[in-house]
Amino acid sequence: MRTKSKFLRKIVYGLTEDKIKKVIEMHESRGWKKESEIKEYGYGFGCLMTFEAKHCKN
């Protein structure tokens, strides 16, 4: 039986550009990858990030 990799997606956000950059760095240190540019999101800034969840059965 073959297993596939699945990707988790989420938007991380912060009220300032400095804060969002720190949040992105913290997520990257845990294996998340930045998938979009930092954009205005709500009252602050946001960015799409993904995480590869390996060995998931369908």
Notebook entry, point to check: Of the peptides 9-16, 44-51, how do they stack up when ordered by the mean number of other Cβ atoms within 10 Å, highest first?
Noted result: 44-51, 9-16
Notebook entry, point to check: For Lys19, which aspartates and glutamates qualify as cross-link partners when the Cα separation must be under 16 Å and same-chain residues fewer than eight apart are set aside?
Noted result: Glu28, Glu37, Glu40
Next item on the list: Can you work out the accessible area per residue across the chain, with the rest of the protein chains kept in place, probe 1.4 Å, in square angstrom?
Entry: 85
Check: To the nearest 20 debye, what is the magnitude of the charge dipole of the chain about its Cα centre, counting +1 on the Cβ of each Lys and Arg and -1 on the Cβ of each Asp and Glu?
Finding: 540
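The values are calculated or read from the model by the stated rules, or taken from the named source; none is laboratory data. All of these numbers come straight from a predicted model, not from anything done at the bench. Neighbour counts run over all protein chains shown; Cβ positions are idealised from the backbone, glycine included. Surface areas here come from the heavy atoms of the whole protein model, side chains and all, with no ligands, DNA or RNA. Shrake-Rupley method; radii C 1.70, N 1.55, O 1.52, S 1.80 Å.
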